[in-house]
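S.K.: Below is one structure. I have some questions about it.
Every number here is computed from the coordinates shown, using simple stated rules; none is lab data. Everything numeric here is computed off the predicted structure, so don't read it as measured data. Positions of Cβ are generated from backbone atoms using ideal geometry, with glycine treated the same way; all protein chains shown enter the neighbour counts.
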């Protein structure tokens with residue numbers, strides 16, 4: 001959340017170093033030649049359960065219900081609208097247009113998408129939409145601007161689909177040419193109470209490799225006990 005709001009919450013004050021503003025600074029150091037846009041969840045339940053319902057249909061705790069591409073709504077359409085509006089408000093030259101074909105994309109425009117923890121549900125939804133979006137002449141030029149996707153220790157309160165495992169969907173991702181990166185910690189992939197997370201992560205990597213993709217993967221802090229502190233620290237280490 002925003003630093004000012006977190007400081008007012010008993011549970012939030014101890015995590016001020018991971019506020020939206022601080023994460024923006026961290027990402028700015030990681031990608032020094034890029035504009036950094038940090039997207040806040042559309043709602044927070046009990047001040048701690050992020051819900052990205054503006055990108056993917058989700059319950060109150062933020063567990064997603066993924067769906068295929070629609071030209072009228074969805075993750076790609078919403079991301080494009082956010083970026084277009086943000087670039088215009090920031091008074092950047094030649095901003096992205098909210099809709100249109102190839103002539104609506106600024107020259108040299110490219111995107112690196114980074115999802116952390118619950119935010120990875122947004123990347124997953126984009127993967128589910130990828131096939132349809134690439135076939136849509138109005139959305140395809142925007143999607144082709146995505147050069148890399150980073151999954152950072154994805155997790156959500158649902159009992160499955162923490163990582164995409166659908167083979168046909170992953171085949172589209174592998175064929176897209178997007179550079180794929182998966183950074184995890186024992187907090188998510190080694191939790192015996194949520195053993196499906198580690199299994200799905202392994203399936204995600206293995207299936208992409210079978211389809212000819214070369215996803216980079218790293219287990220951070222593997223020699224340390226699982227803890228939420230290291231879960232956050234992956235933002236600094238990837």
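S.K.: Per the Kirkwood treatment, what hydrodynamic radius in Å, one decimal, follows for segment 192-234 from the mean inverse distance over all distinct Cα pairs? Intermediate values should be presented prior to the final figure.
M.R.: Working: mean 1/r = 0.0827 Å⁻¹.
Roughly 12.1 Å, rounded to one decimal.
S.K.: If you don't mind, another one. Considering only 62, 154, 86, give the residue with the highest GNM mean-square fluctuation for the chain, with springs between Cα atoms whenever their separation is below 10 Å.
M.R.: Largest GNM mean-square fluctuation: 86.
S.K.: Under the 0.36 nm per residue contour assumption, what length would be gained going from the current alpha-carbon distance of residue 191 and residue 67 to full extension? Intermediate values should be presented prior to the final figure.
M.R.: Values: separation 124, 0.36 × 124 = 44.64 nm, distance 2.74 nm.
Here the segment from residue 191 to residue 67 would lengthen by 41.9 nm.
S.K.: Another question about this same structure. Relative contact order, percent, of the chain when contacts are C-alpha pairs under 8 Å separated by at least 6 residues? Intermediate results must be reported in sequence, preceding the final value.
M.R.: Values: 387 pairs, mean separation 34.3, N = 238.
Computed over the chain, the figure is 14 percent.
S.K.: For Cα pairs less than 8 Å apart in space and 6+ apart in sequence, what is the mean separation divided by the residue count of segment 126-238, i.e. the relative contact order in percent? Write down the numbers at each step before the final one.
M.R.: Working: 155 pairs, mean separation 32.5, N = 113.
That works out to 29 percent.
S.K.: If you scale each eigenvalue of the Cα gyration tensor by 5 and take the root, what three semi-axes come out for segment 3-104, rounded to whole angstrom and sorted largest first? Don't skip to the end; give the middle numbers.
M.R.: Details: eigenvalues 147, 93, 22 Å².
Square roots of five times the eigenvalues give 27, 22, 10 Å.
S.K.: Please order 220, 231 by the number of other Cβ within 10 Å, starting at the fewest.
M.R.: Numbers: 220 19, 231 22.
Sorted ascending by nearby Cβ count, the order is 220, 231.
S.K.: Right, something else. Considering only C-alpha atoms, what is the centroid distance from segment 150-215 to segment 53-76, in Å?
M.R.: Cα centroid to Cα centroid, the span is 18 Å.
S.K.: Tally the DSSP beta bridges in the chain and give the antiparallel ones as a percent, rounded to 5.
M.R.: Working: 5 of 20 bridges.
Close to 25 percent.
S.K.: If the elastic network links every pair of Cα atoms under 10 Å, which of 36, 122, 189 fluctuates the most in the Gaussian network model of the chain?
M.R.: Comparing 36, 122, 189 in a Gaussian network model of the chain, the most mobile one is 36.
S.K.: Given N residues in segment 72-205, what is Rg(Cα) / (2.2 N^0.38 Å)? Present the calculation step by step, with values, prior to reporting the outcome.
M.R.: Details: Rg = 16.0 Å, N = 134, 2.2 N^0.38 = 14.1 Å.
Rg over 2.2 N^0.38 Å, computed on Cα atoms: 1.13.
S.K.: Pick from 31, 61, 142 the residue whose mean-square fluctuation is largest in a GNM of the chain, springs joining Cα atoms under 10 Å.
M.R.: 31
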